[in-house]
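J.: Mind having a look at this structure? Questions to follow.
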Amino acid sequence: MRNFKSLLSLPFLLPVLLTCVPVLVPAQNEDNMGSILMLSGASSEEDLDEQELERFHHYLSHPLPINLASRSRLVSSGLLSQYQVASLNDYRSRYGDVLSFSELATIEGFSPEFVKRIKPFLSLVSRSEPGKPAGDSLGIRHEATARVSVKRKTINYGAKYRASFRERIVVSAAARSPSSWSGGVTFYGKRYLGKAVLGDYNLRMGQGLSLWSGMSLTGFSTSSSFSRRPTGLSPTWSWSGIGSHRGAAADFQAGRLMLTTFISFPGLRGQMEGDRKTPVTTLGGASIGWFGKNGQAALTAWLSGVKGKVSADYRYNLYGVDVFGETAFDAYSHSLASVAGASALLGEGWRLNAVARLYPKTFDSSLAGAVRSWTKTSDERGVALGIERYGAYFTADLAFKEGDKSKKQCKLLLKVPAQIGDKTVLSLRMTERIRPYEEYLVYKTGARLDLDYSSAGISSRYGESDGEAWKARARIEGLLCRSLAGLSYLELGRKTDRFSAYLRGTLFIVDNWDDRIYSYERDAPGNFTVPAYYGRGYSVAAVGGGKFRMGKKGTLKVYFRASVVRYPFMRDPKPPSGEVKLQAVTSF
C-alpha cells in the first residue's frame, strides 16, 4: 500500500464599557474571506498568516479612500496593482473622482468581477465636484484594540493604538506578551514626497528576489499566486512586526518615476525586546521605478556589511497578457537568480498562467520572497503552469533542487466550486505532492469537500452576499501520507447588522505527525488561528461579536472566543486544552 499523508483585561475594559451608549449600530462585514484569498493569491485560509489578515481587516474597518489617496498610498495598500493605480490616476485626471463602483468597473484594469471582490475594502468618499481635483480628508481618528486570552495556566495579552491626523500623519503602536512590539510614525506628503516612515515598515519590491518582507506564499494556486504584488514601502501595524524592517524610509514621486530610499537595522528588534546577544547590523538601499499605464520597470539595490544585491524587475500588460519577471545579482556569492512568467486571458473567463524560476544554491534567501515550491528562495529550479476559470483552477508545479538534481518534487492542485441553488456552494479541493527521493513520504494526497450555505445568498464566483444571514459550513477532509488521517467539522452561525455568533464542532483522527491537518478557525478580526490537528479527539469553539455606539462618532466592537480540545479516543492519555479570548476595539 502506498505511503501518504481573562480576567486581567476587565480593569482596562470597564471604563470603556461604561462610556458606551447602549445603542447597537450596523457592523462592517468581518468575513470577506473569499476576497482576501483572491487578493493574496492563497488557495485557502490555511495559507495566510497573521500580518496579512491584519492588513486586510484594517481596510475592512477603514476602507481605502481611492479618490483622496496619493499614488504612493494606493500602491502601498496592496489592494491594487501598480498597473491599476496608474490607470485609476489617469482616469481621475481626465474625468474627476470615481463616484460609483459601476463607474470603477469601466476603468481599464478594473473588471466587474474584481470590483465586486474588492468593494468592501474601498471608499468612494469625495471632497470635490466631478471634474475637479480632490482635497484633503479632514478630521482626527483614533483606534485602540485590547485583547487577552487564557490557555491553560498561560495568560497572553496584547494592545494596539493608532491615530490618524487629517489623513496626513499616522501614529501607531502594537504590543503583545511576552515582549513583542512594533510601531512607527508615517507622514503622507502632497506633491513629491509620497510618504516617510520612522519605525517598522515592509519592503516588497519587484517579484521578491531582492527584497520582500511580510507574507510570502509557498506553492501555486490562483492567478495571483504566480506573481508577486509589489507594494514598495508600506508601514506595518502588526501585533509583533515579525519579518518587517525597523528604521527609516521614504518614497518620492515625480511624474511616472518613484524613488524609494531606506535604512534599517537588522537585530535591533531583538535588542529592544531583551535579546542582548543579537548583533545589530545596518542595511541601506534604494529603488527607482517607472510606472506607466500599461507597464512598469524598476531597479533595486541594497547593502548590508559584505552582503548586497542588485535587481531589475518589470511588468507589462498588453491586450490582456501580463508579462512579468525579475533578475537579481547576489554580490556576496556572485550568483544570479531569475524568475519570469506570464498570465493571459483566453476568452470566456479562462486565464492561463505560467512561471519559471532559477535560484542557485548560493543565492542569499534571507530577505527574498519570490515564488517557489520549497520554503526558501534558494537552491531551486522549476516551472509551474495553471489554468483558471470563474473560481475553479488547476495548477501543476515541477521543481528540483539546484544543488542536488535527484531531489525532485511535483505538486498538483485542483479546486472546483459548484453552485447548488442561490444559497449553497459545494467546493472540492484535491492536492498531490510527489517526492521520489523520500524514503517513506513519497506521496502526500489530500482531498477536501466543503458545503457552504448563506441565507442571504452565496456565489461560487463572488462569495457570500452582504447583509443579515444564517450561515453554515460542513467540511470533510482526508490526508494520505504515512497513514490515513481525517478531519470533519460543522459550523453554524448568524450574522446581523448588530452582532455575529458562530458555533463549531470538529472531529479528527490523525495518528502520525507527518499527517497533521491544519484547519483555519474563525476568530476575532486581525487574529489568526490555524491549529495543527494531531491525535484522536474533538474540539468545540464558540465565537461572537457585537458593535456599539460610543457618543456621536465613536464605536466599540467586542469579540469573544472560547474553545476546548479533548482526546478521548487515544490509547495513550493526552491532556485536554482550552482557551478563552476577549478582544475590544474602540474608534473615535
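J.: Could you go through region 107-120 in sequence order and give the Karplus-derived ³J(HN,Hα) for each residue, using 6.51 cos²θ - 1.76 cosθ + 1.60 with θ = phi - 60°, rounded to whole Hz, and x for Gly and Pro?
T.: Computed from phi, the couplings for region 107-120 are 6, 4, x, 10, 7, x, 5, 5, 5, 5, 6, 8, 3, x Hz.
J.: How far apart, in nanometres, would the label points at Ala542 and Leu428 be if each is projected 7 angstrom from Cα along the Cα-to-Cβ direction?
T.: It is 3.8 nm.
J.: So, with a 1.4 angstrom probe, what is the percent of accessible area on the chain that is carbon and sulfur?
T.: With neighbouring chains kept in place, the figure for the chain is 61 percent.
J.: Still on this structure, I have one more. So, for the chain, what is the accessible surface per residue at a probe of 1.4 Å, expressed in square angstrom?
T.: Dividing the accessible area of the chain by its residue count gives 46 Å².
J.: Hey, another quick one. Given +1 on the Cβ of Lys and Arg, -1 on the Cβ of Asp and Glu, and no further charges, what dipole in debye does the chain carry about its Cα centre, rounded to the nearest 20?
T.: 880
J.: Further question: Place a point 7 Å from Cα of Ala532 in the direction of its Cβ. Which residues in region 477-493 have their backbone N less than 19 Å from it?
T.: 478-488
J.: Which shape class, rounded, prolate or oblate, goes with region 133-212 when its Cα gyration tensor gives a ≥ b ≥ c as root eigenvalues, a/c under 1.5 marks rounded, and past that a/b bigger than b/c marks prolate?
T.: oblate
J.: Let me know the volume per residue of the alpha-carbon convex hull for region 431-492, in Å³.
T.: Residue-normalised Cα hull volume stands at 82 Å³.
J.: Local charge sum around Phe291 (other residues, Cβ-Cβ under 10 Å, Lys/Arg +1, Asp/Glu -1)? Don't skip to the end; give the middle numbers.
T.: Numbers: positive: Arg71, Arg256, Lys293, Arg315; negative: none.
Counting the neighbours of Phe291, the net charge comes to +4.
J.: Can I ask one more? What is the set of long-range amide H partners of Ser519 at a cut-off below 5 Å, with H atoms built 1.01 Å from backbone N?
T.: Here the answer is Tyr533, since their amide H atoms fall under 5 Å of that of Ser519.
J.: If you bin every alpha carbon distance in region 479-536 into 10 Å steps from zero, what whole percent lands in each bin?
T.: P(r) for region 479-536, in whole percents per bin: 21, 42, 25, 11, 2.
J.: List every residue whose amide H lies under 5 Å from the amide H of Gly308, counting only residues 5 or more places away in sequence or on a different chain, with H placed 1.01 Å from N in the peptide plane.
T.: Amide H to amide H, under 5 Å and 5 or more residues apart or across chains, Gly308 pairs with Ala331, Tyr332.
J.: Rolling a 1.4 angstrom probe over the protein chains, ignoring ligands and nucleic acids, what is the accessible area of Trp290 in square angstrom, nearest 10?
T.: 120
J.: Counting helices only, and only those DSSP H runs with n ≥ 4, report the 222 nm mean residue ellipticity of the chain as the sum of -39,500 (n - 2.57) divided by its residues, in deg cm²/dmol to the nearest 500.
T.: That calculation yields -3000 deg cm²/dmol at 222 nm.
J.: Among all the aspartates and glutamates, which ones have a C-alpha under 19 Å from Lys119's C-alpha, if same-chain residues fewer than 8 places away are not counted?
T.: Glu30, Asp31, Glu52, Glu54, Asp97, Glu103, Glu108, Glu464, Asp466, Glu468, Asp497
J.: Taking the Cα centre of region 434-588 as the origin and placing charges on Cβ (Lys, Arg +1; Asp, Glu -1), which of Gly544, Pro573, Pro531 is farthest toward the positive end of the dipole?
T.: Towards the positive end, the residue furthest out is Gly544.
J.: In addition: If you add up the charges near Gly546, with Lys and Arg at +1 and Asp and Glu at -1, over every other residue whose beta carbon is less than 10 angstrom from its beta carbon, what do you get?
T.: Details: positive: Arg498, Lys547, Lys557; negative: none.
Taking every other residue near Gly546 into account, the sum is +3.
J.: In what order, largest first, do Tyr319, Tyr161, Tyr83 sit by accessible area if the probe radius is 1.4 Å? Please report the intermediate quantities before stating the final value.
T.: Details: Tyr319 210, Tyr161 90, Tyr83 35 Å².
Ranked list, largest accessible area first: Tyr319, Tyr161, Tyr83.
J.: Going through region 459-505, which trypsin sites (Lys or Arg not before Pro) have at most 15 other Cβ atoms within 10 Å and a DSSP loop state? Write down the numbers at each step before the final one.
T.: Values: sites: Arg461, Lys471, Arg473, Arg475, Arg482, Arg494, Lys495, Arg498, Arg504; in loops: Arg461, Arg482, Arg498.
For trypsin sites (Lys or Arg not before Pro) across region 459-505 that sit outside H, G, I, E and B with at most 15 neighbouring Cβ atoms in 10 Å, the list reads Arg498.
J.: Another one. Which net charge results when you count Lys and Arg as +1 and Asp and Glu as -1 among the other residues whose beta-carbon is under 9 Å from that of Asn527?
T.: Summing Lys/Arg as +1 and Asp/Glu as -1 gives 0.
J.: What distance in nm lies between label points placed 7 Å from Cα along the C-beta direction at Ala297 and Thr106?
T.: That separation, rounded to one decimal, is 3.4 nm.
J.: Oh, and also: Taking 0.36 nm per residue of separation and subtracting the Cα-Cα distance, what length does fully extending Lys151 through Thr496 add?
T.: On the way: separation 345, 0.36 × 345 = 124.20 nm, distance 2.96 nm.
Using 0.36 nm per residue and subtracting the Cα-Cα distance, I get 121.2 nm.
J.: Here is a follow-up. Kindly provide log₁₀ I(q)/I(0) values, in the same order as q = 0.16, 0.25 Å⁻¹, from the Debye equation applied to equal alpha-carbon scatterers of region 341-409.
T.: -0.60, -1.02
J.: How large is ³J(HN,Hα), in whole Hz, for each residue of region 431-443 in order, when computed from phi with the Karplus curve 6.51 cos²θ - 1.76 cosθ + 1.60 and θ = phi - 60°, using x for Gly and Pro?
T.: Using θ = phi - 60°, the values come out as 10, 9, 10, 10, 10, x, 7, 6, 7, 10, 9, 5, 10 Hz.
The values are calculated or read from the model by the stated rules, or taken from the named source; none is laboratory data. Computed from a prediction, not measured in an experiment: that's the story for all the values here. Ideal geometry is used to build each Cβ from the backbone, glycine not excepted, and the neighbour counts take in all protein chains shown. Just the protein is used for accessible areas: all its heavy atoms, side chains included, with ligands, DNA and RNA removed. Shrake-Rupley method; radii C 1.70, N 1.55, O 1.52, S 1.80 Å.
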